[in-house]
Amino acid sequence: MAPRSPPLTAFGAGKVILLGEHSVVYGHPALAGPLSQGVTARGVPAKQCQLALPSNLSRPQRAQLTAAFARAAEATGSPPVKVTLDADLPLAVGLGSSAALSVACARLLLMAAGKEPTPRDAARVAWAMEQEFHGTPSGVDHTTSAEERLVLYRRKPGTTVGKGRVVDSPEPLHVVVALAGERSPTKATVGALRERQARWPERYTRLFTEIGRVASEGARAVEAGDLEALGDAMNVNQGLLAALGLSSPPLEEMVYRLRGLGALGAKLTGAGGDGGAVIGLFLEPGPAVTKLTRLGVRCFSSQLAGPRAV
Ligand code: PMV
């Protein structure tokens with residue numbers, strides 16, 4: 001493929017983890033799907049490959065983003081484009097904003113370099129960026145974003161890479177995403193859990209194994225079109241996350257609110273901790289979004305998989 005001449009546009013989707021966050025770090029499966037919200041990268045011709053840094057970033061954030069972009073540029077042969085970024089996704093609440101940004105940049109640079117931005121190549125380049133942002137992420141975020149499909153993801157034991165199996169849904173899968181306040185960075189929450197796991201390995205290993213089972217059962221429920229079973233798996237997963245010390249009053253309150261509004265299942269999504277995003281599985285998400293918005297809750301709905309209304 002010949003290098004495509006700018007202006008170019010590429011999108012990276014945010015993600016929600018339906019089942020299996022945290023245990024996925026320890027090699028168990030997680031079920032995750034792409035949001036319609038995400039990050040858009042735009043490229044215009046330039047003398048060299050460069051990123052226009054968003055103006056609202058702190059100095060460490062600028063340094064991190066510059067280093068991550070340099071990794072993507074290196075992996076794609078530094079095509080001569082200037083890249084700008086635009087997000088319609090809430091940042092740092094568990095919705096995979098850094099992976100969305102990484103996939104958007106990866107796709108754009110691949111296209112500018114004349115390469116097909118296949119999910120595999122986009123994931124490879126995005127992974128290089130994600131390591132700057134997170135250190136040792138499980139890989140579920142950028143894999144889901146690059147595939148743009150519902151996936152059952154599993155990290156290969158003893159490695160930092162993993163694979164996502166696409167999970168087809170015969171039913172439309174709608175979630176309401178509601179924000180329940182600020183939270184600590186993922187790295188801190190994952191690190192604190194690792195300390196508890198190192199202190200009481202048998203108990204924590206049992207809980208991780210059970211979450212992995214629930215994630216696999218949830219994937220089978222999706223394939224069978226059994227959304228009630230998927231909702232139940234989400235509720236059980238929330239209980240197990242609370243047992244691991246990853247929930248908090250703001251998250252629990254939002255979980256119960258969503259269940260009260262008719263969610264088939266509801267749970268925190270992403271790293272959790274003292275706040276962040278909560279998801280509810282709904283057959284009809286519209287009325288819940290209207291009610292929550294009226295109550296002042298920041299929320300939106302997204303279809304993760306299944307047939308779309310025309
Ligand atoms: O909160 P987020 O979007 O950073 O998601 C974290 C998901 C974890 O399973 C907690 C960490 C990981 O690397 O998979």
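Candidates in the range 172-185 are the residues that are out of contact with any Pro (no Cβ under 8 Å at 6 or more places or on another chain) and either outside any loop (DSSP other than H, G, I, E, B) or modelled with pLDDT of 95 or more (or both); of these, the one that is farthest from the ligand (Cβ to nearest atom) is Leu173. Would you be able to say whether some residue in the range 71-80 is more than 30 Å from Leu244 (Cα to Cα) and either assigned by TED's automatic domain parsing to the domain that holds Gly280 or basic (Lys, Arg) (or both)? Yes, the range 71-80 has at least one match. Of all the residues in the range 66-120, those that are within 22 Å of the chain's Cα centre (by Cα), part of a helix (DSSP H, G or I) and among the aliphatic types (A, V, I, L, M) number 12. Does Pro90 satisfy the condition of being modelled with pLDDT under 95, surrounded by fewer than 24 Cβ atoms within 10 Å (Cβ to Cβ) and more than 25 Å from Met254 (Cβ to Cβ)? Answer is no for this residue. Just so you know, in the range 248-287 the residues that are part of a loop (DSSP other than H, G, I, E, B) and among the hydroxyl-bearing types (Ser, Thr, Tyr) include one that is nearest to His174 (Cα to Cα), and it is Thr269.
Restricting attention to the range 139-171, the residues that are at pLDDT 90 or above, of a type in the set (S, T, N, Q) and within 12 Å of the ligand (Cβ to nearest atom) total 3.
The values are calculated or read from the model by the stated rules, or taken from the named source; none is laboratory data. As the structure is a prediction and not an experimental result, all values here were calculated from the model. No Cβ is skipped: glycine too gets one built from the backbone with ideal geometry, and neighbour counts run over all protein chains shown.
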